[in-house]
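K.L.:
My questions all concern the structure below.
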Amino acid sequence: MPDQTGPVASVRANRAFLARAVRFLAAEAGIRQFLDIGAGIPAAHNTHEVAQAVAPDCRVVYVNHDPVVLAHARALLASTREGVTDYLEADLRQVNTVLARAARTLDFSRPVAVMIAVMHLVVDADDPYGIVAAFVDAVPSGSYLALSQAGSGIDAGQMAEAAKRCNRLARDTQRHRSHAEVARFFDGLDLVPPGLVAVQEWRPESDLEAAARSATWGGVGRKA
């Protein structure tokens, strides 16, 4: 039986959360534009696939600073005929650059869903709250922020070991955050029920999803 408690299971639970969030945003909230920041190597249930399955005219911009990831994305991810999918090589810390280039595809006078799942790679010295606030400030009322973050306080031992291993091997340092610290990213936004929870608890669509274990907080907030 596959491991349901380790880092791989946590990553899978997070991807399932992001797919559910996109489905909610497209089907229930009526969002037709998505800015997916930090999307990784293409896998199942990518943002444009989920969104365009609901509404084929959805427009999606993926942002990643890793050219290898973007090369895979361009090769593997195809849009619908009615929709648009674009890919930008940029770091989320370069907010103005991301927004300027994304504006070639997205209309920032209309609601946009900003999706971020990589804030654990942004350390405090880089002003993570300022970065997220800048993206939220750039989108109009009726837009959404869907954010997940590797958390402290959820299976603390597992996540401390995962962070230690990543910090030793990777070029980026991980900064896991508590529930209260992650909640700060949603300051000024109206959290969609059930609020900020472990990702497997955010509107699971099956008993299997609900039973998953992860060490990641996730939530969706609406800009009034």
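K.L.:
Need the full-extension length gain, residue 197 to residue 8, defined as separation in residues times 0.36 nm minus the C-alpha distance. One decimal, nm.
P.N.:
Details: separation 189, 0.36 × 189 = 68.04 nm, distance 1.90 nm.
66.1 nm is the gain from fully extending residue 197 to residue 8.
K.L.:
Right, here's the next one. Kindly list the residues of the stretch 16-37 that lie in the label zone of residue 213, defined by a backbone N under 20 Å from the point 7 Å along the Cα-to-C-beta vector.
P.N.:
From the stretch 16-37, the list is 16-17.
K.L.:
Right, next: Go through the stretch 199-216 residue by residue and turn each phi into a ³J(HN,Hα) via Karplus (6.51, -1.76, 1.60, θ = phi - 60°); whole Hz please, and just put x for glycine and proline.
P.N.:
Working through the residues one at a time gives 4, 5, 8, 8, 6, x, 9, 7, 4, 5, 5, 5, 7, 4, 10, 8, 10, 9 Hz.
K.L.:
Taking 45 Å as R0, compute the FRET efficiency from the Cβ-Cβ separation of residue 104 and residue 178 and round it to 0.05. Spell out each step's value before the answer.
P.N.:
Values: r = 37 Å, r/R0 = 0.83.
My answer for the efficiency is 0.75.
K.L.:
Rounded to the nearest 0.05, what FRET efficiency do residue 81 and residue 53 have when you use their Cβ-Cβ distance and R0 = 22 Å?
P.N.:
Values: r = 14 Å, r/R0 = 0.62.
Computed FRET efficiency for residue 81 and residue 53: 0.95.
K.L.:
Applying the Karplus parametrisation 6.51 cos²θ - 1.76 cosθ + 1.60 with θ = phi - 60° to the phi angles of the stretch 116-130, what ³J(HN,Hα) value in whole Hz is obtained for each residue in order, glycine and proline being reported as x?
P.N.:
Calculated HN-Hα couplings, in order: 9, 10, 10, 5, 5, 8, 10, 7, 4, 5, 8, 6, x, 5, x Hz.
K.L.:
Using amide H atoms built in the peptide plane, which far-off residues or other-chain residues are under 5 Å from residue 88 H to H?
P.N.:
Long-range HN contacts for residue 88: 62, 63, 64.
FYI, it's all coordinate maths here, none of it is from the lab. The structure presented is a predicted model; accordingly, all values stated were derived computationally and were not measured. Cβ: placed from backbone, ideal geometry, glycine included. Neighbour counts: every protein chain shown.
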